[in-house]
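Engineer: One structure coming up, written as structure tokens, with questions to follow.
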Amino acid sequence: MIEGGCECGAIRYETAGQVTDFSHCHCSQCRRLHGAPYVSFAGVVLADMTWKSGPGALRVYDSSAKNRRYFCASCGSQIMVVSAEEPDVAYLALGCIDGDPELPDGYHQFVDSKAPWVNILDELPQFPEAVDE
């Protein structure tokens, strides 16, 4: 069981499924929306998710023609991204997940648009754009 939620506690969720994808996104949009040099995501099956509290506090921002981003209306925590290209997968913002979930091998994507002051120091694979699953 994986659990998580927003900073103010209005939104809580859980998923019985496993993390199927683990990525660090360096695109400029993720950086701006999260206020961070990159964002780590855990891909899970959307149908396996249960809202324990606060689904009414979720707000949606269509950040592109294909991506819908879900965030808390109260504190602004970015909860997840769902892509029209993969409508059955929720990419949970890993910073909102509690504990230390089991993760598959990770990778970096959109490294061609990473912040110029960021140095990637791990040995994970790096991709210039999005990774096609």
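The values are calculated or read from the model by the stated rules, or taken from the named source; none is laboratory data. Note that the structure is a prediction, hence the values are computed from the model and not measured. Please note: Cβ atoms are built from the backbone with ideal geometry, for glycine as well, and neighbour counts cover all protein chains shown.
Let's see how each residue does on (1) out of contact with any His (no Cβ under 8 Å at 6 or more places or on another chain); (2) touching a residue at least 40 places away in the same chain (Cβ under 8 Å); (3) outside any strand (DSSP E or B); (4) at negative phi:
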{"position": "VAL44", "(1), (2), (3), (4)": "yes, yes, no, yes"}
{"position": "SER64", "(1), (2), (3), (4)": "yes, no, yes, yes"}
{"position": "ARG68", "(1), (2), (3), (4)": "yes, no, no, yes"}
{"position": "SER74", "(1), (2), (3), (4)": "yes, yes, yes, yes"}
{"position": "PRO87", "(1), (2), (3), (4)": "yes, yes, no, yes"}
{"position": "TYR91", "(1), (2), (3), (4)": "yes, yes, no, yes"}
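Engineer: Please work out which one of (1) in contact with a helix residue (DSSP H, G or I) (Cβ under 9 Å, 6 or more places away or on another chain); (2) modelled with pLDDT of 95 or more is the condition ARG12 fails and give its number.
Structural biologist: With respect to (1) in contact with a helix residue (DSSP H, G or I) (Cβ under 9 Å, 6 or more places away or on another chain); (2) modelled with pLDDT of 95 or more, ARG12 is out only on (1).
Engineer: Here's something else I'd like to know. Quick check on my filter: what residues within segment 63-84 are under 22 Å from VAL131 (Cβ atoms) and not basic (Lys, Arg)? Break it down stepwise before answering.
Structural biologist: Here is the first cut: in segment 63-84, the ones under 22 Å from VAL131 (Cβ atoms) are 63-70, 78-84.
Answer for segment 63-84, where residues must be under 22 Å from VAL131 (Cβ atoms) and not basic (Lys, Arg): SER63, SER64, ALA65, ASN67, TYR70, GLN78, ILE79, MET80, VAL81, VAL82, SER83, ALA84.
Engineer: Does segment 59-79 contain any residue that is crowded, with 20+ Cβ neighbours inside 10 Å, closer than 14 Å to SER23 by Cβ and touching a Phe, Trp or Tyr at 6+ places or on another chain (Cβ under 7 Å)?
Structural biologist: No, there is no match, as no residue in segment 59-79 is crowded, with 20+ Cβ neighbours inside 10 Å, closer than 14 Å to SER23 by Cβ and touching a Phe, Trp or Tyr at 6+ places or on another chain (Cβ under 7 Å).
Engineer: Something else now. Among the residues of segment 68-84, is there at least one that is modelled with pLDDT under 95 and either acidic (Asp, Glu) or over 26 Å from ILE2 (Cα atoms) (or both)?
Structural biologist: Scanning segment 68-84 turns up no residue that is modelled with pLDDT under 95 and either acidic (Asp, Glu) or over 26 Å from ILE2 (Cα atoms) (or both).
Engineer: Any idea which of ASP132, ASP112, ASP100 is assigned to a helix (DSSP H, G or I) and of a type in the set (Asp, Glu)?
Structural biologist: Working: ASP132 fails: assigned to a helix (DSSP H, G or I); ASP100 fails: assigned to a helix (DSSP H, G or I).
So the residue among ASP132, ASP112, ASP100 that is assigned to a helix (DSSP H, G or I) and of a type in the set (Asp, Glu) is ASP112.
Engineer: Could you give me the residue pairs with C-beta distances under 9 Å whose first residue belongs to segment 96-110 and is on the phi > 0 side of the Ramachandran plot, whose second residue is part of a loop (DSSP other than H, G, I, E, B) wherever it lies, and which are 6+ apart or on separate chains?
Structural biologist: Note: pairs meeting the criteria are PHE110/HIS26; PHE110/CYS27; PHE110/TYR38; PHE110/PHE127; PHE110/PRO128; PHE110/GLU129; PHE110/ALA130.
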